[in-house]
Amino acid sequence: MSQNPKHVLDHFNLFREPEYVEMFENKKKNFENPHPQEKVSEIIEWTKTQEYRDLNFRREALTVNPAKACQPLGAVFAALGFEETLPFVHGSQGCVAYYRSHLSRHFKEPTSCVSSSMTEDAAVFGGLNNMIDGLANAYAMYKPKMIAVSTTCMAEVIGDDLNAFIKNAKEKGSVPEEFDVPFAHTPAFVGSHITGYDNALKGIMEHFWAGRERSANETINVVMGFDGYSVGNIRELKRIFKEMGIDAIVLSDVSDVFDTPTDGTFRMYMGGTRLSDMKKALDSKATVSLQEYNTPKSLEYAAHLGQKTLAFNYPVGVRATDRFLSELSQLTGKAVPESLKLERGRLVDAVADSTSHIHGKKFALYGDPDQMMGLSEFLMELGAEPVHVLSTNGNKDWEEKMNALFASSPFGAGCHAWPGKDLWHMRSLLFTEPVDFLIGNTYGKYLERDTGTPLIRIGFPIFDRHHHHRYPTVGYQGAMNVLVKILDKIFDEMDKNTNAVAKTDYSYDIIR
Amino acid sequence: MSSNIEEAKKIIAEVLEVYPEKTRKKREKHLGVFEDGKADCGVKSNIKTVPGVMTIRGCAYAGSKGVVWGPIKDMIHISHGPVGCGQYSWAARRNYYIGTTGVDSFGTMQFTSDFQEKDIVFGGDRKLEKIMDEIEELFPLNKGITVQSECPIGLIGDDIEAVSKKKSKEFGGKTIVPVRCEGFRGVSQSLGHHIANDTIRDWVFDKQTEKKTDGTPYDVAIIGDYNIGGDAWSSRILLEEMGLRVVAQWSGDGTIEELANTPNVKLNILHCYRSMNYISRHMEEKYGIPWVEYNFFGPSKIAESLRKIAGFFDDTIKENAEKVIAKYEALTRATIEKFRPRLEGKTVMLFVGGLRPRHVIGAYEDLGMNVIGTGYEFGHNDDYQRTTHYVKDGTIIYDDVTGYEFEKFVEALKPDLVASGIKEKYVFQKMGYPFRQMHSWDYSGPYHGYDGFAIFARDMDMAINNPVWQMAKSPF
């Protein structure tokens with residue numbers, strides 16, 4: 001017995017004690033009918049080979065460890081960014097439990113969202129009654145200013161019509177006639193969470209903008225898109241716009257929603273895009289998206305109403321931010337202020353100070369398509385090579401854009417974009433064409449364990465590190481944070497690889 | 001005492017006021033106050049959730065893939081349908097296991113058929129066949145496959161049973177299990193447990209051609225322990241110390257071999273009654289194997305359970321049970337001596353799933369704490385009956401609690417600790433209440449067994465006596 005209340009052993013150390021280790025061995029030997037260890041070792045080695053990679057890349061049907069989620073997650077995320085808005089997902093209830101858990105595990109914050117809890121009878125007769133009762137209950141209990149409806153795949157497969165259902169529910173008095181209930185169909189079997197974000201945002205735009213006369217003003221609408229760093233990034237964007245002297249309305253502002261204080265009060269609602277601002281946003285001169293592949297329909301809708309639109313690819317780094325600011329400047333006629341020029345100079349200064357440690361390092365990265373473009377460009381600015389860039393929810397068009405990006409820099413030579421692939425593909429890539437570092441979300445830790453490639457956590461979800469969502473990853477400041485994150489890992493690895501006493505510790509330098 | 005009951009009833013009545021009348025009538029049946037001597041908790045359960053209320057419940061898929069089947073480590077569990085369900089449940093439940101992931105074990109991986117529109121329109125059976133071929137090629141050491149149906153499967157009329165049979169034959173009789181656990185079935189996770197149990201009966205037990213006979217008189221199976229944070233391990237060690245031979249773990253750190261061998265055991269010992277009573281009853285009926293419920297939370301219940309289990313065996317085992325209890329007495333005493341003074345008299349409100357809304361009460365009481373409210377996410381009437389043996393007079397009971405109700409009950413009763421899940425955690429912490437996740441052990445554990453109790457005690461102390469709660473109220 002090793003347990004000791006003075007120094008409690010939990011799962012980290014308890015199961016390494018001899019009595020448990022012996023127990024595990026006996027369980028395996030006597031009851032599990034395991035494959036012989038030689039066989040296991042043989043297969044381990046085989047999965048590292050080019051032969052395995054070829055088979056792996058021949059997969060047509062099976063997906064293993066994808067880096068994407070489904071539409072309604074993005075829809076719920078987008079809806080949460082509006083003033084006192086309760087996301088309402090029409091369909092099976094388990095989905096909502098999953099979205100809430102998923103977002104809460106990343107942000108370490110509550111996620112409020114309701115379901116219409118459809119079951120077998122609704123599958124047969126449709127979910128109209130669930131909508132009627134659900135809206136009435138949610139409205140009575142949680143007193144939202146707006147309920148934003150999206151759908152699970154169940155409701156989509158049976159073909160429930162949200163527009164008709166919501167009208168019907170209003171007629172039945174579930175919510176007042178004038179109460180805002182925007183909606184979006186968000187089938188999980190089309191696209192990914194970024195598609196759902198786009199659909200939900202477009203649904204909200206349509207709800208507030210359709211059929212109204214537009215009288216253009218100088219305000220700029222800004223969309224961050226689905227982003228695990230929204231708290232930091234949206235605040236950073238607001239700051240940049242303020243520095244530029246541009247009036248901006250953030251469409252779906254989740255920055256306060258996912259950053260409420262612990263002070264004795266639970267705020268189900270906090271911050272968010274004011275509904276009155278959302279209404280006004282029709283008159284804005286332009287809508288600017290930080291993530292092109294995350295917002296095509298929303299931008300198209302804004303353009304169709306006469307707004308100018310600009311789309312960026314998660315501008316992190318020097319030139320991407322330069323382009324972002326110059327295009328904003330062109331759009332608004334406002335000059336880039338000294339303060340931002342100074343920040344730019346500080347970023348370039350930091351890059352110059354550290355670049356020799358990054359230069360020539362090879363990276364693999366995966367995540368949402370725009371984030372991959374932004375990070376790849378920044379890596380090349382740092383003299384690093386983004387060798388494998390994988391996006392499960394990236395498409396052909398993204399691949400072409402990535403290839404153009406690689407072609408724009410000598411550091412892009414030999415780099416490859418992988419649309420529609422998953423992390424089991426990435427595993428083969430890392431074994432057959434090893435790189436120095438991997439950038440990705442929490443699930444990348446399995447790749448780090450299997451292939452030994454050190455993981456730099458940038459992406460969504462990040463479940464096993466805390467609070468990084470509070471720091472921006474876009475703009476010059478964001479680039480600074482990303483740079484530091486990358487450097488910290490590089491230096492940690494350097495120390496880890498040089499600390500063998502009397503063997504390699506001559507390089508265990510105090511100054512780097 | 002009765003004033004307690006009156007007070008609790010008043011709180012319930014006040015909370016119910018928020019609802020539209022139709023919903024109020026439904027919800028009031030799920031809220032009650034336990035009164036001493038009553039045969040149940042006075043609440044209805046296992047009923048459809050009212051739409052729009054922010055239920056904490058999940059779905060049948062969660063019950064099958066997430067709970068029952070998912071932890072079987074040497075099989076590949078396909079989340080069959082769109083990508084989301086498998087993604088959100090990917091490795092999130094901390095079902096620990098020993099194995100080479102991706103080679104001979106697959107627990108922390110997400111295999112999905114990633115349905116696209118064309119699969120919905122034309123059906124997914126051919127894709128499923130191809131997926132199984134690809135699994136066989138790329139993961140040759142897998143010992144079997146399960147098909148965990150997501151909502152669309154049952155709606156588009158796919159025949160996953162036919163595909164499974166065909167492929168099993170093709171793969172030389174490999175275990176391939178189609179599971180009809182579509183998320184819209186039933187009212188919660190619970191039906192998913194039942195469906196999953198039934199598939200083990202139909203596709204594992206009933207497919208066995210030969211009955212193995214190399215058992216011993218001391219063979220048992222641990223049923224309904226998912227090895228969260230290593231719970232089944234810190235339980236198994238006690239059973240082995242007692243001289244029992246644990247043939248199988250259902251299903252934490254479990255293997256298909258263990259499932260298949262269970263019909264040879266002498267006794268099934270059942271921790272999570274809710275999720276695995278079905279298969280236990282089946283084995284009793286078909287193979288004559290008795291089953292016994294046990295509770296390995298906290299020393300009082302552990303000792304009681306060890307004796308109860310030993311009661312099914314000879315004197316050697318009974319004596320061994322006493323030896324085990326004695327062996328751990330010093331640890332138990334030291335744990336209580338250290339933590340009880342820091343926790344004495346503290347109150348707890350629980351809302352969890354499975355067995356925990358009752359099972360953990362004893363562990364809290366061993367530390368001098370009182371559970372003043374409890375409820376089940378997906379319990380049935382038999383759970384609430386069993387709960388009467390645990391709760392005290394005046395305990396407030398809330399079935400399938402809504403976010404709103406839970407918040408209001410906590411505000412009214414002001415417990416020293418709220419113990420529930422990830423969706424609730426941050427709500428109550430914002431309100432300034434110490435909180436522990438009691439599904440995932442808040443990434444700690446194990447909590448089962450004597451080794452686990454020391455961790456449980458430490459964790460409750462660190463939650464309740466954490467300096468952060470003194471700072472929540474701003475001085476300004």
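Bear in mind that the values in this text are calculations on the coordinates, not laboratory data. For clarity, every value in this text was computed on a predicted model and none was experimentally measured. Please note: Cβ atoms are built from the backbone with ideal geometry, for glycine as well, and neighbour counts cover all protein chains shown.
Among the trypsin sites (Lys or Arg not before Pro) found in region A:421-480, those both in a DSSP coil and sparsely packed, with 12 or fewer other Cβ atoms within 10 Å of their Cβ, are A:ARG465.
Using the alpha-carbon positions of chain B, Rg (one decimal) and Dmax (whole number) come out as 22.8, 75 Å.
For trypsin sites (Lys or Arg not before Pro), the sites in region B:369-476 that DSSP calls loop and that have at most 16 other Cβ atoms within 10 Å are B:LYS392, B:LYS473. Taking all Cα pairs closer than 8 Å and separated by 6 or more residues, the relative contact order of region B:124-179 comes to 46 percent. A Förster radius of 41 Å, combined with the Cβ-Cβ distance separating A:GLU243 from B:ASN466, puts the computed FRET efficiency at roughly 0.55. Going by a ≥ b ≥ c, the root eigenvalues of the Cα gyration tensor, does region A:205-309 fall in the rounded group (a/c under 1.5), the prolate group (a/b larger than b/c) or the oblate group? Since a/c reaches 1.5 and a/b is larger than b/c, the shape of region A:205-309 is classed as prolate. Cross-link check: pairs A:LYS68/B:LYS48; A:LYS27/A:LYS496; A:LYS39/A:LYS503; B:LYS9/B:LYS346; B:LYS9/B:LYS29; B:LYS38/B:LYS301 evaluated at a Cα-Cα cut-off of 24 Å; pairs beyond the cut-off: A:LYS68/B:LYS48; A:LYS27/A:LYS496; A:LYS39/A:LYS503. Is region B:139-218 best put as rounded, prolate or oblate by its Cα gyration tensor, with a ≥ b ≥ c the root eigenvalues, rounded for a/c under 1.5, and otherwise prolate when a/b is larger than b/c, oblate when not? Taking the square roots of the gyration eigenvalues as a ≥ b ≥ c, region B:139-218 is oblate.
What number comes out for the charge environment of A:SER101, summing +1 per Lys or Arg and -1 per Asp or Glu over other residues with Cβ under 11 Å away? Cβ neighbours under 11 Å give a net charge of +4. Across chain B, the longest piece that holds none of the GluC sites (Glu not before Pro) lying in DSSP loops with up to 15 other C-beta atoms within 10 Å covers B:18-209. Rg then Dmax, both in Å and based on the Cα atoms of region A:354-512: 15.6, 53. Taking GluC sites (Glu not before Pro) in DSSP loop conformation with at most 15 other Cβ atoms inside 10 Å as exposed sites, chain A has its longest uninterrupted site-free stretch at A:219-512.
For A:LYS401, the lysines whose Cα falls under 18 Å of its own Cα, not counting residues fewer than eight places away in the same chain, are A:LYS421. Over all distinct Cα-Cα pairs of region A:122-215, the Kirkwood formula returns a hydrodynamic radius of 14.1 Å. With a threshold of 26 Å on the Cα-Cα distance, the over-threshold entries among A:LYS280/B:LYS430; A:LYS6/A:LYS489; A:LYS145/A:LYS172; B:LYS73/B:LYS338; B:LYS207/B:LYS308; A:LYS108/B:LYS473 are A:LYS280/B:LYS430; A:LYS6/A:LYS489; B:LYS73/B:LYS338; B:LYS207/B:LYS308. Overall, chain B carries a charge dipole of about 680 debye about its Cα centre when +1 sits on the Cβ of Lys and Arg and -1 on the Cβ of Asp and Glu, all other atoms neutral.
For A:LYS361, a cut-off of 13 angstrom between C-alpha atoms picks up these aspartates and glutamates, skipping any fewer than 8 places away in its own chain: A:GLU381, A:GLU385, A:ASP436, A:GLU493.
Peptide B:232-242 is shielded by partner chain Cβ atoms: per residue, an average of 3 of them sit within 10 Å of its Cβ. Rounded, prolate or oblate: pick one for chain A, where a ≥ b ≥ c are the square roots of the eigenvalues of its C-alpha gyration tensor, a/c under 1.5 means rounded, and failing that, prolate if a/b is larger than b/c, else oblate. Judged from the Cα gyration tensor, chain A comes out oblate (a/c at least 1.5, b/c at or above a/b). Each eigenvalue of the Cα gyration tensor of the protein assembly as shown, multiplied by 5 and square-rooted, gives one semi-axis; in descending order these are 44, 35, 29 Å. At the listed q of 0.11, 0.14, 0.15 Å⁻¹, the Debye profile of region B:1-139, built from one uniform point per Cα, gives log10 I(q)/I(0) equal to -0.66, -0.81, -0.86.
With n ≥ 4 as the cut-off for DSSP H runs, can you work out [θ] at 222 nm for the protein assembly as shown, using -39500 (n - 2.57) per run divided by the number of residues, rounded to the nearest 500? So the helix-based figure for the protein assembly as shown works out to -13500 deg cm²/dmol. Near A:ASP509: Cβ cut-off under 14 Å, other residues only, Lys/Arg at +1 and Asp/Glu at -1. The net charge is -2. Using only alpha carbons, region B:67-173 has a radius of gyration to Kirkwood radius ratio (Rg to Rh) of 0.95. A crude spin-label estimate for the pair A:GLU338 and B:ARG201, with each label 7 Å from Cα along the Cβ direction, gives 8.1 nm. Placing dummy labels 7 Å off each Cα toward the beta-carbon, the span from B:LYS118 to B:LYS286 is 4.0 nm. Taking one quarter of the surface of the C-alpha convex hull of region A:322-363 gives a mean projected area of 3.9 nm². For chain A, a crude dipole built from +1 on the beta carbon of Lys and Arg and -1 on the beta carbon of Asp and Glu, taken about the Cα centre, is about 440 debye to the nearest 20.
For region B:68-124, the Cα-based Rg and Dmax, in that order, read 12.7, 40 Å.
Charge tally for B:ASP198 (other residues, Cβ to Cβ under 14 Å; Lys, Arg +1; Asp, Glu -1): +2. Derived from the Cα gyration tensor, the three semi-axes of the equivalent ellipsoid of region A:60-158 are 23, 20, 10 Å, largest first.
The magnitude of the dipole of the protein assembly as shown, with charges of +1 and -1 set on the Cβ of Lys/Arg and Asp/Glu and taken from the Cα centre, is near 960 debye. Sites listed here are trypsin sites (Lys or Arg not before Pro) in region A:112-179 whose DSSP assignment is loop and whose Cβ has at most 12 other Cβ atoms within 10 Å, and the list is empty.
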